[in-house]
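Just below is one structure, and these are the notes that go with it.
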Amino acid sequence: MSIVLRHLQGRNFVEFEKLFDVSRGTPVLIVTFIALLELGKETLVEITQAEAFAPIYVRLAYSPT
């Protein structure tokens, strides 16, 4: 999960597909996907899609400090 969070730092929105590195193999893809689901559940990231079949975007959730 920390790899995904680091990838999102300093960026507004990142396309969902850009978070996956196909060259690393299927197990890494699955773990990354599950990490994104968990980060969304914990409200650490926001996952948005404007409409069906539109691109999916991910960004760090706002957290006041």
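At a glance:
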quantity: ALA61, sole failed condition from (1) modelled with pLDDT of 95 or more; (2) touching an Asp or Glu at 6+ places or on another chain (Cβ under 6 Å); calculated: (1)
quantity: Complete set of residues in the range 1-20 that are out of contact with any strand residue (DSSP E or B) (no Cβ under 6 Å at 6 or more places or on another chain), part of a helix (DSSP H, G or I) and either of a type in the set (A, V, I, L, M, F, W, C) or at pLDDT 95 or above (or both); calculated: ILE3, VAL4, LEU5, LEU19
quantity: Within the range 21-65, considering residues that are in a strand (DSSP E or B) and of a type in the set (Val, Ile, Thr), the one surrounded by the fewest Cβ atoms within 10 Å (Cβ to Cβ); calculated: THR48
quantity: Residue list for the range 3-19, filter: within 11 Å of VAL58 (Cβ to Cβ) and either touching a Gly at 6+ places or on another chain (Cβ under 6 Å) or without any contact (Cβ under 8 Å) to a residue 40 or more places away in the chain (or both); calculated: HIS7, GLU17, LYS18, LEU19
quantity: Count - residues of the range 28-57 that are in contact with a Lys or Arg (Cβ under 9 Å, 6 or more places away or on another chain) and modelled with pLDDT of 95 or more; calculated: 4
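The values are calculated or read from the model by the stated rules, or taken from the named source; none is laboratory data. Given the structure is predicted, the values throughout are model-derived calculations rather than measurements. Note that we place each Cβ from the backbone using ideal geometry, even for glycine, and neighbour counts take in every protein chain shown.
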